[in-house]
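Note sheet for the following structure.
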Amino acid sequence: MSRIEETLAKLGITLPTPANPVANYVPYVITGNLVFISGQISVAPGGPIKGRLGEDMSLEDGVAAARVCGLNLIAQLKAACGGDLSRVKRVVKLGGFVNSAPTFFDQPKVINGASDLMVEVFGEAGKHSRAAVGSPSLPLGVAVEVDGVFEIA
Amino acid sequence: MSRIEETLAKLGITLPTPANPVANYVPYVITGNLVFISGQISVAPGGPIKGRLGEDMSLEDGVAAARVCGLNLIAQLKAACGGDLSRVKRVVKLGGFVNSAPTFFDQPKVINGASDLMVEVFGEAGKHSRAAVGSPSLPLGVAVEVDGVFEIA
Amino acid sequence: MSRIEETLAKLGITLPTPANPVANYVPYVITGNLVFISGQISVAPGGPIKGRLGEDMSLEDGVAAARVCGLNLIAQLKAACGGDLSRVKRVVKLGGFVNSAPTFFDQPKVINGASDLMVEVFGEAGKHSRAAVGSPSLPLGVAVEVDGVFEIA
């Protein structure tokens, strides 16, 4: 069991089954040492987490939705690594989109749900650059979408 | 005639003349094996395709607008390759922004217009990672903007 | 004094102190020759530049806000280069998000505030690919957020 898998176990995290896109795109592309992962939306095993921050969803629920996006990213990353998360060298960049009312300005706090997860799981290697912006609407009406770039060995 | 050009001919696709930005940026930058292409908006040879999904534009028209963005990306990519599209190794990432009313949740279906085109033209190498999100407004009032990262030989 | 520092002096530009994120992410990540810099918002030394284009902010003020984002990007880039901006080979990509009313279509003109700055400071190497899109709301209510990818020696 790798150190990362031990950390996941210790955190009580079971990675979701990585979702397969149903269109002409793929969950990730590896180019050189970089893995580009498709935007992962806040769909938990129980279903999509829908809502608009500043309108019908609390900050706390938004943070939880972003964490789900992070879990989905790590599940895809594990697949990209052929199952071996110890090959992850660095979380390079997260791009966070928050379903936002025009009066909601706490996109960074929401995306912390994904950012904190990366550091919990990967430690120093989990510290990443990121952007956090508002979006008027996201696929399926979900609350959060996050894409990512990762460096692997 | 390269295999890709043959495919374009077979599909009846004439690439548009790549648009030149009128500001202090360029259509693409090559770094290592990667080509970063600027956001291409849905401007067809006949003019801009304007509209907001979920408000004054049908899903079908949105898909067509995304396909136009894809054509503009391939035209820029061809210029980046010095005219030789057989140098394209992989479509790495598409970033799709859909001009969306707050009640429109089918951004993925819209961006399929660009994604499907990539696979029609480049086959397996056209399968890419992507993000598809809503935007409250895009340049000129167009319906779709898509940027991209590509790997070339 | 490097050529870039001379240019900054000539332009009368004093770089701001690079802001430190207060969450589990970092201002930049270096992978290979690429630097990914976190989204920089329009926060000047005097405070955040807030507003929504097409609603309560003029185009001119939006351009100035984008320039501030550009200054913040260069400040982070300098830190990434260990203080030596002459290591910058190329501005690769800027991703510009403009706080926009649904009727505002001049995102490119706004983001020119950041693009023009890159070319003023880095010359030909400052010419970059970019995207410019609207966002319904941004962190703190600021007018503009711009992230970036840079190539360094």
Magnitude of the Cβ-charge dipole (Lys and Arg +1, Asp and Glu -1) of segment A:28-152 about the Cα centre, nearest 20 debye, reported as 340 debye
Number of Lys pairs in segment A:28-152 closer than 23 Å at Cα, excluding neighbours under 8 places apart unless interchain, is 8
homo-copy label distances at C:A9 (7 angstrom along Cα-Cβ), nm, one dp, ascending, are 6.0, 6.0
In the neighbourhood of A:V63 defined by beta carbon distances under 11 Å, the net charge of the other residues (Lys, Arg +1; Asp, Glu -1) is -2
Distance in Å, no decimals, from the C-alpha centre of segment C:121-153 to the one of segment C:16-45 is 12 Å
Relative contact order in percent for segment A:28-152 (Cα pairs under 8 Å, 6+ apart) equals 42 percent
Compactness summary of the protein assembly as shown: radius of gyration and Dmax from Cα atoms, Å, are 20.4, 59
Mean other chain Cβ within 10 Å across B:97-107 is 6
Taking the label point 7 Å from Cα along the Cα-Cβ vector, the copy-to-copy distances for C:G82, listed from shortest in nm with one decimal, are 3.4, 3.4
Note to self, chain B gives a 222 nm [θ] from helices alone (DSSP H runs n ≥ 4, -39500 (n - 2.57) apiece, / all residues, nearest 500) of -10000 deg cm²/dmol
The helix C:59-80 Cα axis meets the longest alpha-carbon principal axis of chain C at an angle in degrees, between 0 and 90 and rounded to 10, of 30 degrees
Shortest first and in nm, the label-point separations between A:L59 and its counterparts in the other identical copies (7 Å out along Cα→Cβ) come to 3.7, 3.7
One quarter of the C-alpha convex hull surface, i.e. the mean projected area of chain B in nm², amounts to 8.6 nm²
With C:I49 itself left out, Lys, Arg at +1 and Asp, Glu at -1 over residues whose Cβ is under 13 Å from its Cβ give -1
Chain A to chain C by rotation: the residue of A with the beta carbon nearest the axis and the rounded distance in Å are A:P136, 3
Nearest 10, in degrees from 0 to 90: the angle of helix A:107-122 to the longest Cα principal axis of chain A is 20 degrees
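Here, each number is a calculation from the coordinates, and none is a lab measurement. The structure displayed is predicted, hence computed values, not measured ones. Note: ideal-geometry Cβ built from the backbone for every residue, glycine included; neighbour counts use all protein chains shown.
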